[in-house]
Amino acid sequence: MLDRAPGIRTGLRRFPVRKRSRRKRQPKEPIPAVVDIKSAAASDPSAALRRILSYDNPHLHDYPACSALLYRLARARLFPEVDSLLLFVCSQRVPCRDSLFSGLIRHFDRASLPHKALSLFFSIPSFNCPPGSPSLQTFNQLLDALVNNGCDDEAEALFDRCSEFRLLPNAISYNILLKGRLRRDGYISARKLLDEILKRGFCPSVVTYNMLIGFVGRNGDLGISMDLKDEMIRRGIYPNAITYAIIMEGLCSSGKYDAAKKLMFDMEYMGCKTRLVNYGVLMSNCGRRGDLNEMNELLAEMKKRNIKPDDVTYSILINYLCANGKVDEAYKVLVEMQVKEGCKPNSAMYRMMVDGFCKIQNFEKGLALLNAMLASGHCPRSETFGSLISGLAKDGRVNDACFVLEEMEKRMLCTCVGAWYSLVETVCVKRDDGADLLSGLLAPTLG
DNA sequence: GTAGGGTTAG
């Protein structure tokens, strides 16, 4: 990993910089069957799965097609379909790369399914994958999935069993454990773990310190975070843009926005180039305080300094515009992003927009955004589905509400009581054929 | 970015 931006001037001398090799890779010829299954998966992942399982094209039974579809299915949270396809891939001895498993484990992590991640990991040997699988990267991905979902004991137990998989933990494995320890037991306990692993020859990295600095900063201990920054420099580990962003975040959350802004300019003198993430910290803080003017000014300043906004920047803008009730303005930003940057909206952006339109009671626009979201293979959270169902029902749009309900059921998400209540109320009170509709609605869930 | 390079901090 690149710890420092290339060619940084540190004030005293230039440090040698590891440059990432940028070998020009020949773009590979796209495989027609894969392109085909990808576009099929984008419109209807379940139908694409049926095609693969129905043996209608032997080219679909190779690794690229299966892994592309697995990824789409996982992204759309269609986990039962993921399981069916995995079963197929395993039983048909389709050759698999290890990266497929680490990718899926990441999805299980994000969907708060750590135990599915764990069982997938243990099933890797039953797949047709190259010797040396699971790799350390996949192992670390699993450790992270466990720690992120509060399964610290399982993570530590797994860590102790790493030799069973012929793996030797690296700095990343240790950092993940340290993250768990920080969150569960706090700074003092994590510091103890750090001392222990230092004795075992572990070399802390800039990430190690960034985690510690972030933790104390979130608790308002700005003094300790500055001490940690000095300590890392003494050890020859140099703060990067993320380190400064984390310190700036600590300052902002203690109400010291101006000091954070000053630090963003000072970091350049310390030899560290300002990056998007630093602007992101300031913009988020402005958004939280409702200072949308300053937020827009920061955006203009970034552009002036030739720092191109990315998807994270757009997420921040959309999030806080929506939170401050400027949903139409947020929608303009979403459109501008697609037109000017050619950047596709991600799950979070769609979710913020659907929630935003629900919040200002524009359920029609909310439904339109939901459709765009589903069409691009993203899956809303159940709360988003719920508020849309409630809203559509209260507007008397029972058919639309039922459509949303069905989409939700396909993804095994539970409908909250409030949404059901609104729907039932609309059906019973506002329509004559209430009883028929109600039994129709209940049939799929009771059956 | 998840086929084709891309683990941990944000």
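State the Cα centre-to-centre distance between the range A:71-99 and the range A:357-416 in whole Å.
Spelled out, the Cα-based centre of one part sits 28 Å from the other.
Is it possible to state the helix-based mean residue ellipticity at 222 nm for chain A, with each DSSP H run of 4+ residues giving -39500 (n - 2.57), the sum divided by total residues, to the nearest 500 deg cm²/dmol? What is it?
Helix-only estimate at 222 nm: -21000 deg cm²/dmol.
Please list, ordered by chain and number, the residues whose modelled amide H lies under 5 Å from the amide H of A:ARG77; skip anything fewer than 5 residues away on the same chain.
none
Mind checking which aspartates and glutamates have their C-alpha under 19 Å from A:LYS256, skipping anything on the same chain fewer than 8 residues away?
A:ASP221, A:ASP227, A:ASP266, A:ASP291, A:GLU294, A:GLU297
Mind giving me the FRET efficiency for A:GLU383 and A:ALA47? R0 is 25 Å, r the Cβ-Cβ distance, nearest 0.05 is fine.
For R0 = 25 Å, the calculated efficiency reads 0.35.
Which residue fluctuates the most in chain A, going by a Gaussian network model with Cα springs under 10 Å, if the choices are A:ASP291, A:ASP109, A:ASP152?
A:ASP291
Hey, how many Å between the Cα centroid of the range A:204-244 and the Cα centroid of the range A:247-317?
Their Cα centres are 19 Å away from one another.
What does the net charge come to around A:ARG161 if you take all other residues with beta carbon closer than 14 Å to its beta carbon, with K and R at +1 and D and E at -1?
-4
For chain A, what is the accessible area per residue in Å² when the probe is 1.4 Å?
Normalised by residue count, the accessible surface of chain A is 52 Å².
What order do A:MET232, A:MET270 take when sorted by accessible area (1.4 Å probe), most exposed first?
A:MET270, A:MET232
Can you pick out the pairs among A:LYS179/A:LYS365; A:LYS116/A:LYS273; A:LYS28/A:LYS340; A:LYS273/A:LYS365 whose Cα atoms lie more than 30 Å from each other?
A:LYS179/A:LYS365; A:LYS116/A:LYS273; A:LYS273/A:LYS365
Using a ≥ b ≥ c from the Cα gyration tensor of the range A:180-258 (square roots of the eigenvalues), is it rounded, prolate or oblate, where a/c under 1.5 gives rounded and otherwise the larger of a/b and b/c decides, a/b for prolate?
oblate
Tell me, what % of the accessible area of chain A is carbon and sulfur with a 1.4 angstrom probe?
So the carbon and sulfur contribution to the accessible surface is 53 percent.
Please list, or write none, the lysines whose alpha carbon is within less than 16 Å of the alpha carbon of A:LYS344, excluding same-chain residues fewer than 8 places away.
A:LYS308, A:LYS332
Roughly how much of A:LYS303 is accessible, in Å² to the nearest 10, using a 1.4 Å probe?
The accessible area of A:LYS303 comes to roughly 90 Å².
Please state, to two decimals, what the Cα-based radius of gyration of the range A:249-300 comes to when divided by 2.2 N^0.38 Å (N = residues).
For the range A:249-300, the normalised Cα radius of gyration is 1.08.
Have a look at A:ASP195, A:ASP83, A:ASP400 and tell me which one the Gaussian network model of chain A (Cα, springs below 10 Å) gives the largest fluctuation.
Highest fluctuation of the listed residues: A:ASP195.
Could you check which residue among A:GLY290, A:GLY223, A:GLY103 shows the biggest mean-square fluctuation in a GNM of chain A with a 10 Å Cα cutoff?
Evaluated over chain A, the most mobile residue of the options is A:GLY223.
At a Förster distance of 41 Å, what's the computed FRET efficiency of A:ASP395 paired with A:VAL312, Cβ-Cβ distance as r, to 0.05?
0.75
Calculate, for A:GLU231 and A:ARG166, the FRET efficiency according to 1/(1 + (r/R0)^6) with r their C-beta to C-beta distance and R0 41 Å; round to the nearest 0.05.
0.70
Where the Cα atoms of chain A are projected onto their three principal axes, how long is each span, largest first, in whole Å?
That gives 79, 56, 46 Å along the principal axes, largest extent first.
The values are calculated or read from the model by the stated rules, or taken from the named source; none is laboratory data. This structure is a prediction, so every number in the text was calculated from the model and none was measured. Positions of Cβ are generated from backbone atoms using ideal geometry, with glycine treated the same way; all protein chains shown enter the neighbour counts. Note: areas computed on protein heavy atoms with side chains; ligands, DNA, RNA excluded. Shrake-Rupley method; radii C 1.70, N 1.55, O 1.52, S 1.80 Å.
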